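S.K.: One structure is given below, represented as structure tokens, and several questions about it will come after.
The values are calculated or read from the model by the stated rules, or taken from the named source; none is laboratory data. All values derive from a computational prediction rather than experimental measurement. Here the Cβ is made from the backbone with ideal geometry for all residues, glycine too, and neighbour counts use every protein chain on show. We work out accessible area using only protein heavy atoms, side chains counted, and drop any ligands, DNA or RNA first. Shrake-Rupley method; radii C 1.70, N 1.55, O 1.52, S 1.80 Å.
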Amino acid sequence: MGLGSIGFPGLILILVIALIIFGPKKLPEIGKAAGNTLREFKKSAQDLTSDVSDEVKETKEIVKDDQNK
């Protein structure tokens, strides 16, 4: 059950509730903060994936060198 299962009506309902709770002045600030958080999360995930890929490549090279000896 992911975000895709909410659907358009559910998304509208969430936005209306957020507007009522936080008000029209705070909503853009909350959206910006959420965007920044998602951007940082994505960057961290990419860095982690890159680090793991580098380690796998190094390990393969070491194994390949050991087999050639």
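S.K.: Explain nothing, just compute: Karplus ³J(HN,Hα) = 6.51 cos²θ - 1.76 cosθ + 1.60, θ = phi - 60°, for every residue of region 7-21 in order, whole Hz, x for Gly and Pro.
M.R.: Ordered by residue, 3J(HN,Hα) equals x, 5, x, x, 5, 4, 4, 4, 5, 5, 5, 4, 5, 5, 6 Hz.
S.K.: Can you tell me which of K43, K32, K57 moves the most in a GNM of the chain? Springs connect C-alpha atoms under 10 Å apart.
M.R.: K57
S.K.: Of V52, G31, V63, which is farthest towards the positive pole of region 25-68's charge dipole, taken about the Cα centre with +1 and -1 on the beta-carbons of Lys, Arg and Asp, Glu respectively?
M.R.: G31
S.K.: Here is a further query. Skip the ligands, DNA and RNA, and give the accessible area per residue of the chain with a 1.4 Å probe, whole Å².
M.R.: On a per-residue basis, the chain sits at 94 Å².
S.K.: Turning to a different aspect of this structure: Can you send over the carbon and sulfur percentage of the accessible area for region 25-68, probe radius 1.4 Å, protein chains only?
M.R.: 57 percent
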